[in-house]
Amino acid sequence: MNIGRYLRPEQVKLEIETRPDPDADEETAATERFRWQIKEGVLGELCDLLCASGKAGSRNKLFTDLVNREKKATTGIGHGVAVPHVRTINSKEMIMAFARSTEGVEFFAYDGKPVHLLLAVVAPPYNDAQYLKIYKEMATLFQDEEHVREIMEA
């Protein structure tokens, strides 16, 4: 499957803008609330990229759907990668967005490390087969550290 057909230049961001507050002291930076603010900022940027496709409904509802999905379980799969995904009525069809963080951001990844590559996948609730096929392909692709390195350097 060619995932490139789901990504347009307006759905790609080579450097996300969300950053931790440099003035936050060590104790504040360690709090879960502070870490969630960073994660929500990243999800907001991904949501903007998804909406740039013209295939999403309400930006606020899509953002809420992504945040609620993350509250169930993190999509930070490790190796510096996160694949935020959700099936929602706020998507008219399959949508993807890609963002990179050279510095890395907190995303509650399973390995506890910062996330550098984020690929958001959003689909309507009735599109299970295609959604699961793409999600599985992304998870497999990003488990290969060589692929992750190549994408970071691109």
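The values are calculated or read from the model by the stated rules, or taken from the named source; none is laboratory data. Keep in mind it's a predicted model, so treat the numbers as computed, not measured. With ideal geometry, Cβ positions are generated from the backbone for all residues, glycine too; neighbour counts draw on all protein chains shown. Just the protein is used for accessible areas: all its heavy atoms, side chains included, with ligands, DNA and RNA removed. Shrake-Rupley method; radii C 1.70, N 1.55, O 1.52, S 1.80 Å.
Among the residues that make up segment 97-112, is at least one of them over 27 Å from Glu145 (Cβ atoms) and not acidic (Asp, Glu)?
Looking for residues that are over 27 Å from Glu145 (Cβ atoms) and not acidic (Asp, Glu), one finds none in segment 97-112, hence no.
Kindly evaluate Lys136 against the criterion of being open to solvent by 50 Å² or more (accessible area, probe 1.4 Å) and under 16 Å from Asp48 (Cα atoms).
So Lys136 does not fit the description; no.
Yes or no, residue by residue, for (1) open to solvent by less than 70 Å² (accessible area, probe 1.4 Å); (2) at pLDDT 90 or above; (3) touching a helix residue (DSSP H, G or I) at 6+ places or on another chain (Cβ under 7 Å):
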| residue | (1), (2), (3) |
| --- | --- |
| Pro22 | no, no, no |
| Lys39 | yes, yes, yes |
| Cys47 | yes, yes, yes |
| Ser53 | yes, yes, yes |
| Asn60 | no, yes, no |
| Phe63 | yes, yes, yes |
| Ala82 | yes, yes, no |
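Which one of these does Tyr126 not meet: (1) in a loop (DSSP other than H, G, I, E, B); (2) surrounded by 14 or more Cβ atoms within 10 Å (Cβ to Cβ); (3) not aliphatic (A, V, I, L, M)?
(2)
Scan segment 86-116 for residues that are surrounded by fewer than 21 Cβ atoms within 10 Å (Cβ to Cβ) and in a strand (DSSP E or B) and jot them down.
Arg87, Phe98, Arg100, Thr102, Glu103, Gly104
Out of the residues in segment 65-80 meeting the condition of being within 24 Å of Pro9 (Cα to Cα) and part of a loop (DSSP other than H, G, I, E, B), tell me which one is modelled with the lowest pLDDT.
In this case the residue turns out to be Gly80.
Please verify whether segment 139-149 includes one or more residues that are of a type outside the set (A, V, I, L, M) and either within 14 Å of the chain's Cα centre (by Cα) or open to solvent by less than 10 Å² (accessible area, probe 1.4 Å) (or both).
Scanning segment 139-149 turns up at least one residue that is of a type outside the set (A, V, I, L, M) and either within 14 Å of the chain's Cα centre (by Cα) or open to solvent by less than 10 Å² (accessible area, probe 1.4 Å) (or both).
Of the residues that make up segment 66-75, is at least one more than 17 Å from Leu117 (Cα to Cα), among the hydrophobic types (A, V, I, L, M, F, W, C) and in contact with an Asp or Glu (Cβ under 8 Å, 6 or more places away or on another chain)?
The answer is yes, given that some residue of segment 66-75 is more than 17 Å from Leu117 (Cα to Cα), among the hydrophobic types (A, V, I, L, M, F, W, C) and in contact with an Asp or Glu (Cβ under 8 Å, 6 or more places away or on another chain).
Find all pairs meeting these conditions: Cβ atoms under 9 angstrom apart; at least six residues apart or on different chains; first residue within segment 130-154 and closer than 16 Å to Ile77 by Cα; second residue loosely packed, with under 15 Cβ neighbours inside 10 Å and at pLDDT below 75.
Ile134/Met1; Glu137/Met1
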